[in-house]
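Novice: Pasting in a structure now, in structure tokens, and then I'll have a few things to ask.
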Amino acid sequence: MRYLILIFSLTILSCGDEVVVKPNAMLRLEYQKPTYDTIAVDCPFEFLVNTEAILKGKNNCWMNIHYPKMNATLYLSYREVNEKRNIDSLLYDAQKLTYDHTIKAESILEQPRIDSINKVYGMFYMINGNAATQSQFYVTDSIRHFVNGSLYFDSKPNFDSVYPAVVYLRNDIRRIMESIRWK
């Protein structure tokens with residue numbers, strides 16, 4: 001009985017709430033200032049790509065631009081505009097792909113791209129919220145070429161956590177849109 005009282009007493013006395021002060025911690029993601037180089041692929045277009053990214057070519061000028069430090073990939077697809085694939089259906093598909101994310105998105109901001117000198121016209125979509133993609137775009141010359149792109153992270157969508165990377169990659173996408181040239 002004595003041992004039971006002793007164990008009970010030690011248990012009661014040892015269960016104190018000791019306050020431990022923890023330092024404030026903030027996640028700070030910093031990325032290097034990007035440098036760009038022209039891609040060297042056998043396609044009817046060219047553009048500048050971030051040297052930190054890895055370009056993975058596919059068939060028919062479809063390619064993936066992988067950002068290993070951010071665990072993200074920009075998926076690019078190329079379509080030739082012709083009688084079978086008219087520009088209206090390509091534009092509809094690109095816009096539908098973007099607006100399919102309205103279920104999870106908090107907002108979708110549109111930024112048009114008009115470069116009449118180089119004949120590059122398009123739209124850049126910034127998708128805010130926990131959608132599967134945070135950015136999508138398309139560019140076209142309206143006659144022969146159509147390029148569509150979507151940015152995906154290889155993780156569960158959490159917009160707050162990936163926001164610094166989203167901002168960095170949105171600037172890369174803008175650079176692609178600004179530098180694309182048709183051959």
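Novice: If amide H atoms are built 1.01 Å from N in the plane of the peptide, which residues on other chains or at least 5 residues away come under 5 Å of the amide H of Lys119?
Specialist: Excluding prolines and chain starts, which carry no amide H, there are no hits.
Novice: Starting from the Cα gyration tensor of the stretch 2-182, take the square roots of the eigenvalues, sort them a ≥ b ≥ c, and report rounded, prolate or oblate (rounded when a/c is under 1.5, otherwise prolate if a/b is larger than b/c, else oblate). Numbers along the way, then the final one.
Specialist: Details: a/c = 3.45, a/b = 2.73, b/c = 1.26.
In terms of gyration-tensor shape, prolate.
Novice: Contour minus end-to-end for Lys104 and Ile117, with contour as 0.36 nm per residue of separation and end-to-end as the Cα-Cα distance? Kindly include the intermediate steps, with their values, before the conclusion.
Specialist: Working: separation 13, 0.36 × 13 = 4.68 nm, distance 3.73 nm.
Going from the current span to full extension adds 1.0 nm.
Novice: Moving on to the next point. Grab the Cα-Cα distance for Asn64 and Ser142, subtract it from 0.36 nm times how many residues apart they are, and report the gain in nm with one decimal. Let's see the in-between values first.
Specialist: Values: separation 78, 0.36 × 78 = 28.08 nm, distance 2.33 nm.
Residue separation times 0.36 nm, minus the Cα-Cα distance, leaves 25.8 nm.
Coordinate-derived values only; no laboratory data. Predicted model only: the values in this text are computed from it and were never measured.
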